[in-house]
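None of the figures in this text is laboratory data; all of them are computed from the coordinates on show. Note that the structure is a prediction, hence the values are computed from the model and not measured. Glycine also receives a Cβ, built like all others from the backbone with ideal geometry; neighbour counts cover every protein chain displayed.
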C-alpha cells in the first residue's frame, strides 16, 4: 500500500497538466456543491424552523382524505371535489394527544378562503384561520404582533386582520381600517353553497415571521370561520323531548300536511323590509345565541396542530397516532409540517431538487472530462504499466494504483473545494443575503439568509467527489487492465 | 539441469490478413547459471523467444518450460506469479518507474509479492545490489537524474532483487555507447558468476556475444546455431 500511495502521490505531483485540469474541475464542482447545498440546507432548516415554530407545529392531524391537504385547504385538483374533512372523534384525539409526554401543546384550527367586501364593493380574497385566541397564542407565542386592538373576547366574534391584507383593502377603499370597522366575508363552495358573514375587525396584526402566503392570512373567530368553511355547525346530541312534546309530535297527521298542495302556493302579503345594509346586518348580527352554542370543542375542527417537545419524537408521534387511530377506528390521519405548510415550502424544496438535478448534470459532464483526461494520462503511461506487469505486478495492483491516484486527486480537490466553499459561505454568512424579491424570499424561507456550512453538504460533497472519481477511473482502469506486459517490451524497442 | 526448455516452438502473428511466422519450430534448452546470448538479425525471432521465456506471450505451438513449469494454459495470475518469482527483466530502454528513485525502483518488485519480507534484510539486500552496480552515491536519485548506463545498472539491480532463476535482457546495450555497453555486460557477467543467476540476453553486437558462454543464433525464426562454450575467452577484462 505504501508503494501505491507513493506512486499515486508522485504521479499526481508530476503530471501537473492533468492534475490541474482534473483538480480545477473537481474544486469548482465541489465548491458549487458545498455552497449550493449548504445554502439550500440553511434555507430548508430555516423554512422548517420557521414553519414549525410559527404556524404548522410538528404535526397536523386531519380527517382522512385523499389529495394534497395543507393548512390552506386542498392545494390540488381534489379541491374541486371535496371539502376539508372535519376531524372525527375530536375530543378523544385531544385527550390522547394531551396524554403523550412528548406533546408540548396543541392547537385546533379551521381554514377558509373568503371574498372580502365592504358595502357593495368587493375588495379581494383572503385566507382565514379560525382559531381560539388563547390556544393559538400558546402554540405560536412569538409570531403574532398586535399592531392595533386585539383578539376578540371569549364568546365573541371578530377578525384580527393581517396588516398586509388591511393595506391591500385600504388601497381599494381609500381609508384606513381600524378596530370596530366591519367587513363582509363571502365564501362559495359547490358543496355548501354561498356563505356570507359580517365580521367586526377587533385588531390589526402582523406575523413577525412571514411570507407572501402568510401575509394573506387573517385570524378569525372559529364560529365565523366554520361557517365560511362550509362546515356543518351545531351540536349533534339527540334532543331530549318532554312527554308533552312527544305527544304533540305524535298528534300530527302527515296526510293532513300534504293532502293539499294549495297551501304551499298560497299568496301571502309580506311587508317588505327596507332592504338596506343595516337591515341585513342586523339580522345576520342576531346570531349570538347560536354562536355561543358553537363555542369551541363542538368537535367541528379541520386541523389539530401538534407541537412536540423535541423534533426527535416526530416519527414516534406519527406511529403512536397511527396506532391510536387504527385501534379506535378513527378516520383521522397525521400529516407532517411540510404537507401542512403548503405550496411555498414545497416550492423551496422543489428548487432544491432542481439544484440537485443541475449538480447531477454538472457531475456527469465532469465525469466525462475527467475520464478523457485520465484516458490520455493512462495511455501515456502504457509502457510504465506494462513494465510493472512484466516484473510481477498483478492486474489488481495496477487497478488499485489507477483508482488510488484518481481518489487521491479527488480527495485533495474535494478538500480544497470544501475549504473554498466554506470560505465563501463564511463570507456570505457575515454579509447576509437579502431577498430582493418574492422569488428569493421563497428560496431563503424569509427576508434574509445567512448560509452556514452544513455537515450534510460536506458529506454529500465527498460522496459525490469519490463517486465521480470512481466512475471516472472506471474506463481508464478497464484500458489498463487490458494492457499486456508485452507493451513494456514493445515500447522498449 | 535445464532451466529453460523450448520444444518445437512456433509463433505466428496475424497482421491484418497476413500471417507472420516469427518462430518456425524452435527447440533449445538453457542450463541454470548459463550466460546465454540469443543473436540474429532483426526479425529473426530474438524478441519473440524472450517474450515466450518471460511468460509475457504464449507460443502458437510447441512447449515452453520455465524452471520445470510448462507455461501453456496458465492463467494471467499464475503467469504473473511465475514471472515475479522466476524471471527478472532488463529492458532496452531501461523502463524504470519515473516517479521512483533508485532505491525505490529496485525495491519495487519486492513489494509486489505476497510473502512478507523482513524489512531489515530487504534493505540490506537492496543496498548490497546498489553497491554492486556501483550506484551507492545515487541511491535517492530519480531516473531522469541518471545517465543511460546508470539507469541500466538500476534495471540490472531491479531484475536481480527478487533473486530470480533467470534474468532476461532484451538488447540491454542497444541504447548505450559501446564503452558503457561493455561495462553493463561485464556487470551482468559478474552478477551471473556471483549469484549463479541464468542470464539470457538478445543482441546483435558481436563483441558482446563473445562474452556469452552459450550462443543461440537465429535466422528467419529458426535456430541455425546453438553453441556452448566453457567460458568466453577474453570476455572479462
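Just a few scattered comments:
- Note that region B:152-237 shows a convex hull volume over its alpha carbon atoms of 103 Å³ per residue.
- Taking the number of Cβ atoms within 10 Å of each Cβ as an exposure proxy, the fewest-first ranking of A:118, A:178 is A:178, A:118.
- Taken over the Cα atoms of region B:1-81, the convex hull encloses 100 Å³ per residue.
- q = 0.21 Å⁻¹: log10 I(q)/I(0) that the Debye formula gives for region B:61-178, counting C-alpha atoms only: -1.18
- Per the Debye formula on identical point scatterers at the alpha carbon atoms of region A:162-202, with no solvent, log10 I(q)/I(0) at q = 0.15, 0.22, 0.27, 0.29 Å⁻¹ is -0.45, -0.77, -0.94, -0.99.
- For region A:339-410, the fraction of alpha-carbon pairs lying more than 16 Å apart is 66 percent, rounded to a whole number.
- Cα gyration tensor, the protein assembly as shown - rounded (a/c under 1.5), prolate or oblate: prolate
- With Cα atoms as the point set, region A:309-381 shows a radius of gyration and Dmax of 23.4, 73 Å.
- DSSP beta bridge pairing in the protein assembly as shown, given as percent antiparallel to the nearest 5: 70 percent
- Neighbouring Cβ atoms from other chains, within 10 Å of the Cβ of residues in A:152-163, number 0 on average.
- Convex hull volume per residue in cubic angstrom - Cα atoms of region B:1-44: 76 Å³
- Within region B:1-143, the proportion of C-alpha pairs whose separation exceeds 25 Å stands at 42%.
- Structural descriptor for region B:25-109: relative contact order 17 percent, calculated from alpha carbon pairs under 8 angstrom and at least 6 residues apart.
- Over chain B, DSSP H runs of length four or greater, each weighted -39,500 (n - 2.57), average out per residue to a 222 nm ellipticity of -10000 deg cm²/dmol.
- Relative exposure of A:152, B:125, judged by other C-beta atoms within 10 Å (fewest first): B:125, A:152
- Once the Kirkwood radius over Cα pairs is known for region B:55-127, the Stokes-Einstein relation at 20 °C and 1.002 mPa s delivers a diffusion coefficient of 148 µm²/s.
- Bins of 10 Å, starting at 0 and running to the largest distance - Cα pair percent for region A:363-476: 13, 30, 24, 17, 10, 6, 1
- Relative to the longest principal axis of the Cα atoms of chain B, helix B:76-86 runs at roughly 60 degrees.
- Within a Gaussian network of chain B (alpha carbon springs, distance under 10 Å), most fluctuating of B:181, B:16, B:25: B:16
- Relative contact order of region B:45-200, defined on C-alpha pairs under 8 angstrom at six or more residues apart (%): 28 percent
- On Cα atoms only, tilt of B:148-160 relative to the major axis of chain B in degrees: 80 degrees
- Each principal axis of the Cα cloud of region A:10-152 was taken in turn, and the coordinate range along them, longest first, works out to 79, 49, 39 Å.
- √(5λ) per eigenvalue of the Cα gyration tensor, region B:92-237, largest first, Å: 28, 17, 14
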